[in-house]
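*Asks:* Dropping a structure here in structure tokens format, bear with me for questions.
The values are calculated or read from the model by the stated rules, or taken from the named source; none is laboratory data. The shown structure was predicted, so the numbers you read here are calculated from the model rather than taken from an experiment. Quick reminder, even Gly has a Cβ in these numbers, built from the backbone with ideal geometry, and neighbours come from all protein chains shown.
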Amino acid sequence: MNPMSWTPDAKTMNLIRHMAIQNAIEYEGKANPGSVIGRIMGTNPDLRPHGKTISPMISKAVIEANNLAGNKGLDHLREILQNEAPHLLEERQKKERRVGLPELSNAEKGKVVLRFAPNPNGPLSFGHARGIVINGSYAKKFEGELILRFDDTDTSVKPPLLEAYQQIPKEAEWLLGFPPHRIVIASDRMEHYYEYAQKMLSDGFGYVCTCSAESFREFRVAKSECPCRIQEMSTNIDMWQKMLDGTFKPGDAVVRVKTGMELKNPALRDWPALRIQDTETNPHPREEIGSKYRVWPLLDFQSAVEDHLQGVTHIIRGKDLMDSTRKQTLLYQHFGWNYPETMYWGRVKVHEWGGFSTSQMRRDIEAGLFEGWDDPRLPTISALKGRGITSEALRQFWIELGVTQKDISVPLATLYSHNTKQIDDDAPRISFVRNPFKIEITGEHENSVTTSVHPNHDSMGIRTFDVSNNSIFIEKEDSDKPKLRLKEFADFDMDGNSAKFISKARSDKRPIVHWISESDCHKAKLIYPNNEEILTIDGVLENHEYESGTMVQVERIGYGILIDSSTIMFTHD
């Protein structure tokens, strides 16, 4: 049969309609034709040859489903599926149940201990929020504890930033809605790491290795043991003391964990646990630590020991750290400890941000490319908060994504959607006219115009605009429209900088524009950040008495946060 002559039967038409409705339910009245096409073709491969015929039918069905959702609500759509295609409704309900955080294995209420362990080389970023939110949500659910631990034992590759020690706990509390139950600073606990390093050497499952990095790499590749591995315990203890007292210099020796040079994964073969750092010329930035210690634990060793000492029961982290789990499990076996339950997540890439890292942001700030950690172009918690992103929106964003090892790519619109739900109900409407163009209105009209502060809440009051002097501002780009309707006011015909009153009632489909009366506004600016620069747009703003920090919806522009009475920071559409 020629695909071009194919006509869908009643069963196919019902399938298209029902799956469009299912998609509209899933996306709250915003079904997407591409998503519906993908589902239909994926579950009905026999329809793929007829895609050109079916696609416009699907687009039409999606429009109808979205209109139904807008006019009669999602419950009406659910009722349709319940009556006509209950299996699709059941599929949707199952999917709803899967959204969010999965069950936590072997979790006992009141006994769950989790940790979030950032390196304090900068304040928290959007990516850090995932670890805080997910671990914190489980701690809250199981009435357990969340430990905030500063993994600050690397003074060379990721040197700590002093202000991060104060800023991170505050940001964590803002994100969580409660303060971390415990705060641990790894650099305060060096004696514990030394104790377990010495135990490793004394019990024979650790050794001091003086092979060069290049030489040991050759042993690792060849799966052969380096000469240091068979040293006597007393020799290892003596060499350990030389690491501590300064006899050995950075690069001369490391402490390794005996795991086995025959292991399939090269990363696990006798991995390094402690090394010497040059803290004389590069001291730890915390004054009380400074150059006090020369030998420092590497992260896999430090973290493993600390998790045990703090009684951590569950570790939830990125799948890129699976090798860390494998290394640490081998160490736990040596010590006779039980390794915590572990879950992993995949990478989440936000389209608009690309690959920001704390280290790179710090370099860019120090180079003057950004104004600071709260520069609105950066994906830091302080920047997001300053732009009006709420902690609840961030929590809902990460909880919705859940814990999956699948790598995910999402647009910022997903976060913005969550934020809109949090702020819209309380955001007063306000008018800001960009590039204002002054016009004089003529004809018989009312001397004042009133409109609501919020269309859904009469209790928030009204806004009154005085138009008795006939002078108003509209945006310059609206001035070339021959006919327009001033929102909530009347229809006008334009003639240069003059607007002739036509009708209070809507007389035709002329475009609706926002405006401000000259007597009810003041000069102001809108700050609009993007990835490349921070734009400042001059204009006039409706007079108001809102406090700094108030979230507002700027008519025809989007949401913003008031920096002061004359400055709005744009948040999102």
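*Asks:* Any idea which of Ser125, Ser202, Ser156, Ser137 is among the small types (Gly, Ala, Ser) and touching a Ser or Thr at 6+ places or on another chain (Cβ under 8 Å)?
*Replies:* Just one listed residue meets the conditions, Ser125.
*Asks:* Okay, moving on. Looking only at region 378-397, decide whether some residue is of a type outside the set (Phe, Trp, Tyr), assigned by TED's automatic domain parsing to the domain that holds Lys525, in a loop (DSSP other than H, G, I, E, B) and touching a helix residue (DSSP H, G or I) at 6+ places or on another chain (Cβ under 9 Å).
*Replies:* Filtering region 378-397 for residues of a type outside the set (Phe, Trp, Tyr) gives 378-396.
From the residues that got through so far, the ones that are assigned by TED's automatic domain parsing to the domain that holds Lys525 too are none.
No, every residue in region 378-397 fails to be of a type outside the set (Phe, Trp, Tyr), assigned by TED's automatic domain parsing to the domain that holds Lys525, in a loop (DSSP other than H, G, I, E, B) and touching a helix residue (DSSP H, G or I) at 6+ places or on another chain (Cβ under 9 Å).
Rundown of residues vs (1) in a loop (DSSP other than H, G, I, E, B); (2) surrounded by 12 or more Cβ atoms within 10 Å (Cβ to Cβ), yes/no style:
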position	(1), (2)
Met494	no, yes
Ala499	no, yes
Asp508	yes, no
Lys523	no, no
Tyr528	no, yes
Ile537	no, yes
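*Asks:* Let me spell it out: the conditions are (1) surrounded by 17 or more Cβ atoms within 10 Å (Cβ to Cβ); (2) on the phi > 0 side of the Ramachandran plot, and Arg294 meets all of them except one. Which number is the exception?
*Replies:* Every listed condition holds for Arg294 apart from (2).
*Asks:* I would also like to ask the following. Which condition number does Ile230 fail, the rest of (1) free of Cβ contacts under 8 Å to residues at least 12 places away in the same chain; (2) within 27 Å of Pro159 (Cα to Cα); (3) of a type in the set (A, V, I, L, M, F, W, C) being met?
*Replies:* (2)
*Asks:* Run Ser391 past the list (1) among the small types (Gly, Ala, Ser); (2) within 11 Å of the chain's Cα centre (by Cα); (3) closer than 26 Å to Met322 by Cα and report the number of the one that doesn't hold.
*Replies:* Exception for Ser391: condition (3).
*Asks:* If we keep just the residues of region 5-32 that are closer than 18 Å to Asn44 by Cα and touching a residue at least 60 places away in the same chain (Cβ under 8 Å), which is farthest from the chain's Cα centre (by Cα)?
*Replies:* In this case the residue turns out to be Asn14.
*Asks:* Let me spell it out: the conditions are (1) within 30 Å of Thr235 (Cβ to Cβ); (2) part of a loop (DSSP other than H, G, I, E, B), and Glu288 meets all of them except one. Which number is the exception?
*Replies:* (1)
*Asks:* Here are Thr571, Thr550, Thr536, Thr567: which of them is of a type outside the set (Asp, Glu) and without any contact (Cβ under 8 Å) to a residue 12 or more places away in the chain?
*Replies:* That would be Thr536, the only listed residue that is of a type outside the set (Asp, Glu) and without any contact (Cβ under 8 Å) to a residue 12 or more places away in the chain.
*Asks:* For region 27-58, give me each residue that is under 27 Å from Glu400 (Cβ atoms) and assigned to a helix (DSSP H, G or I).
*Replies:* Within region 27-58, Pro33, Gly34, Ser35, Val36, Ile37, Gly38, Arg39, Ile40, Met41, Gly42, Thr43, Ile58 qualify.
*Asks:* Kindly list the number of the only condition in (1) surrounded by fewer than 18 Cβ atoms within 10 Å (Cβ to Cβ); (2) closer than 17 Å to Arg189 by Cβ; (3) free of Cβ contacts under 8 Å to residues at least 60 places away in the same chain; (4) of a type in the set (A, V, I, L, M, F, W, C) that fails for Leu309.
*Replies:* (3)
*Asks:* With the condition kept exactly as written, say whether any residue in region 428-444 is touching a strand residue (DSSP E or B) at 6+ places or on another chain (Cβ under 8 Å) and more than 30 Å from Asn470 (Cα to Cα).
*Replies:* No - not one qualifying residue is present in region 428-444.
*Asks:* Quick one: is Gly260 within 43 Å of the chain's Cα centre (by Cα), on the phi > 0 side of the Ramachandran plot and not in a helix (DSSP H, G or I)?
*Replies:* Against the criterion (within 43 Å of the chain's Cα centre (by Cα), on the phi > 0 side of the Ramachandran plot and not in a helix (DSSP H, G or I)), Gly260 qualifies.
*Asks:* Taking the stated definitions as given, is Lys258 under 27 Å from Tyr138 (Cβ atoms) and among the charged types (D, E, K, R)?
*Replies:* no
*Asks:* When you go through Gln422, Gln396 one by one, which is the residue that is buried (at least 17 other Cβ atoms within 10 Å of the Cβ) and out of contact with any Asp or Glu (no Cβ under 9 Å at 6 or more places or on another chain)? Spell out how you get there, then give the answer.
*Replies:* Values: Gln422 fails: out of contact with any Asp or Glu (no Cβ under 9 Å at 6 or more places or on another chain).
Selected residue: Gln396, the only one of Gln422, Gln396 that is buried (at least 17 other Cβ atoms within 10 Å of the Cβ) and out of contact with any Asp or Glu (no Cβ under 9 Å at 6 or more places or on another chain).
*Asks:* Name the single residue that is surrounded by the fewest Cβ atoms within 10 Å (Cβ to Cβ) among those in region 139-183 being among the β-branched types (Val, Ile, Thr) and out of contact with any helix residue (DSSP H, G or I) (no Cβ under 7 Å at 6 or more places or on another chain).
*Replies:* Of everything passing the filter in region 139-183, Val157 is surrounded by the fewest Cβ atoms within 10 Å (Cβ to Cβ).
*Asks:* Do we have Tyr559 as under 14 Å from Phe432 (Cα atoms) and at pLDDT below 95 here?
*Replies:* no
*Asks:* Inspect all residues belonging to region 493-502 and state whether any of them is over 30 Å from Ser417 (Cα atoms), touching a Ser or Thr at 6+ places or on another chain (Cβ under 7 Å) and among the basic types (Lys, Arg).
*Replies:* For region 493-502, residues over 30 Å from Ser417 (Cα atoms), touching a Ser or Thr at 6+ places or on another chain (Cβ under 7 Å) and among the basic types (Lys, Arg): present.
*Asks:* Pick out, from region 438-488, the strands (runs of 3 or more DSSP E) lying fully within it that include 3 or more residues that are surrounded by 17 or more Cβ atoms within 10 Å (Cβ to Cβ).
*Replies:* 471-475, 483-486
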